[in-house]
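Everything on this sheet refers to the single structure shown next.
The values are calculated or read from the model by the stated rules, or taken from the named source; none is laboratory data. Predicted model, so just to flag it, every value in this text is computed and none were measured. Note that each Cβ is placed from the backbone with ideal geometry, even for glycine, and that neighbours are counted across all protein chains shown. For accessibility, only protein heavy atoms count, side chains too; no ligands or nucleic acids. Shrake-Rupley method; radii C 1.70, N 1.55, O 1.52, S 1.80 Å.
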Amino acid sequence: MPSNLEPIDLRILGALQKDGRLTNQALSSEVGLSTSPCWRRVRQLEETGVIQGYAATLDRRQIGLGVLAFIRVKIDSHSEAEAEEFSRDVLKLSEVVACYSIAGDADFLLQVVAADLDSYADFAMRVVRRLPRIKEMQTTFVLKEIKPFKGLPLDVGQRLKSD
């Protein structure tokens, strides 16, 4: 746990990850803190960038995005300039919902959504494959989401310290 986060901060963060729409009164009641100190702590967590925003969690299938895939991408050059240019290009693609620079036999991992397989194929071949500097790409399709992302674990650092 970072030294600047206290147990009450972790309780606040956990409650807000579960329900970002909690009122300050409901949040303070849930974490066991009076409303004014709770509001100040939330403000501090926002101002320091621990809390980066609030968003609704959507079911991709309910909004017509039936395909979830990961694309492993190798680029031609490993120069910093080439990687930054590739990153800038990927940021413009709304179908790419997450992108990571990775270690191993690929350079980037893209998480992509599409309406269906035909839409995905069109996007992969007409957009991704045509990005400059791509040497190789490999797609892995998600057949079933076993544990979709729901928030960050706030107890991992503590659990490791106590072992």
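Ligands, DNA and RNA left out, the 1.4 Å accessible surface of the chain is 52% carbon and sulfur atoms.
Think of the chain as a dipole: +1 on every Lys or Arg Cβ, -1 on every Asp or Glu Cβ, centred on the Cα centre; then among ILE63, HIS78, GLY49, ILE63 lies furthest on the positive end. A simple packing score, the average count of other Cβ atoms within 10 Å per residue, orders the peptides 123-135, 64-76 as 64-76, 123-135, with the highest score first.
Here the Karplus relation 6.51 cos²θ - 1.76 cosθ + 1.60, evaluated at θ = phi - 60°, turns the backbone of the stretch 106-119 into coupling constants of 10, 9, 9, 10, 9, 9, 10, 10, 8, 5, 7, 5, 5, 5 Hz, with x for every Gly and Pro.
According to the square roots a ≥ b ≥ c of the eigenvalues of the Cα gyration tensor, what is the shape class of the stretch 36-133, taking rounded for a/c under 1.5, prolate for a/b larger than b/c otherwise, and oblate for the remainder? Here the stretch 36-133 falls in the oblate category.
Taken per residue, the accessible surface of the stretch 39-157 reaches 70 Å², heavy atoms only and a 1.4 Å probe. About its Cα centre, the dipole of the stretch 1-115 is roughly 660 debye, where the only charges are +1 on Lys and Arg Cβ and -1 on Asp and Glu Cβ.
Over all other residues within a Cβ to Cβ distance under 10 Å of ILE75, the charged ones net out to -2, with Lys and Arg as +1 and Asp and Glu as -1.
Straight-line cross-link partners of LYS135 among the aspartates and glutamates, defined as a Cα under 20 Å from its Cα and at least 8 positions apart when in the same chain: ASP76, GLU80, GLU82, GLU84, GLU85, ASP89, ASP105, ASP107, ASP122. The stretch 1-32 and the stretch 46-106 have Cα centres spaced 28 Å apart. Taking a ≥ b ≥ c as the square roots of the Cα gyration tensor eigenvalues, the stretch 92-151 comes out oblate, since a/c reaches at least 1.5 and a/b does not exceed b/c.
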